[in-house]
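Since the structure comes first, as structure tokens, the remarks are kept for the end.
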Amino acid sequence: MSTPRKRRREGDTETRDQLIAATADIMLEEGYAAATSRRVAAKAGVNPALVYYYFPTMDDLFLAVFRRGAEANLERQRKALASGNPMRALWEVATDPHGTAMLMEFMALSNHRKDIRAEFATYAQRYRESQIAALTVIMRGHGVDLDALPPTLLSVMISSLGATLVNEATLGIDLGHRELVEFAEDFVRAFEGTPWARAVGLPAGARAIGAESDPAAAG
């Protein structure tokens with residue numbers, strides 16, 4: 001005789017979602033160390049015992065928060081890559097303060113939690129592989145020399161520069177930010193067909209990324 005499946009109580013999903021959302025909010029507002037079971041329960045408006053009813057350990061709760069955010073980030077990237085201006089959309093995703101701040105919290109947390117570190121690495125690899133595959137198609141379509149500017153390099157540049165801007169801004173550091181944003185804007189606009197405003201390794205007379213050099217200028 002088969003054992004009947006345990007029926008989940010009405011509101012189980014809602015309470016679980018509230019705990020995940022509360023944990024994410026605390027991590028963003030005060031850092032992961034502030035997300036204790038009591039603080040999470042208080043913010044979610046539930047009995048502290050319910051935290052461990054849904055999540056046997058705090059690591060289980062942190063992993064649930066991470067996985068939800070990771071899936072949301074992957075979906076944002078998919079939409080960005082499918083948009084009319086994928087390069088601009090990718091840059092906007094990379095410089096989103098909310099997403100970057102949460103990733104930095106999990107990066108710090110992963111230094112102390114082996115399971116979270118493994119999950120973080122798996123997600124980061126998956127995210128980058130997806131981005132590189134899409135960038136390869138985008139760049140090839142614009143006639144970019146993929147040996148001179150590998151999609152892997154561009155992927156790391158986008159992520160790293162975006163994270164640097166966001167993280168330094170939270171610390172009150174802005175020296176060089178204007179110049180970096182202007183450079184990135186020029187680069188993004190070049191993929192939209194706007195003339196490249198800087199002579200940085202591009203052929204003389206090139207009008208945009210992948211554009212033919214102007215014969216007259218070359219001569």
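The values are calculated or read from the model by the stated rules, or taken from the named source; none is laboratory data. Only a predicted model underlies this, so the values are computations on that prediction, with no experimental measurement involved. Here the Cβ positions follow ideal geometry from the backbone for every residue, glycine too, while neighbour counts run over all protein chains shown. The protein model used for the area step is the full one, side chains on, heavy atoms only, and it has no ligands, DNA or RNA in it. Shrake-Rupley method; radii C 1.70, N 1.55, O 1.52, S 1.80 Å.
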Review point. Can you name the residue in the range 58-93 that is open to solvent by 80 Å² or more (accessible area, probe 1.4 Å) and under 11 Å from the mean Cα position of the chain (by Cα) and, of all such residues, is farthest from Arg38 (Cα to Cα)?
Key: Glu92
Study note, to complete from the structure: Ser83: passes all of (1) under 26 Å from Glu168 (Cα atoms); (2) hydroxyl-bearing (Ser, Thr, Tyr); (3) in a loop (DSSP other than H, G, I, E, B) but (1)
Practice item. Write out, first by first residue and then by second, each pair whose Cβ atoms fall under 8 Å of each other, whose residues are 6+ apart or on separate chains, and whose first residue, in the range 107-134, is over 26 Å from Ser83 (Cβ atoms) while the second is small (Gly, Ala, Ser) and not in a helix (DSSP H, G or I). Key: Ala108/Gly31
Check your understanding: If you scan the range 13-56, which residues turn out to be open to solvent by less than 60 Å² (accessible area, probe 1.4 Å) and free of Cβ contacts under 8 Å to residues at least 12 places away in the same chain?
Key -> Asp17, Ala34, Pro48
Practice item. Might you let me know whether the range 33-56 holds any residue that is at pLDDT 95 or above and under 18 Å from the mean Cα position of the chain (by Cα)? Key: no
Study note, to complete from the structure: Considering the range 94-118, residues that are polar (S, T, N, Q) and more than 19 Å from Val166 (Cα to Cα), and then whichever is least open to solvent (accessible area, probe 1.4 Å), we arrive at Ser110
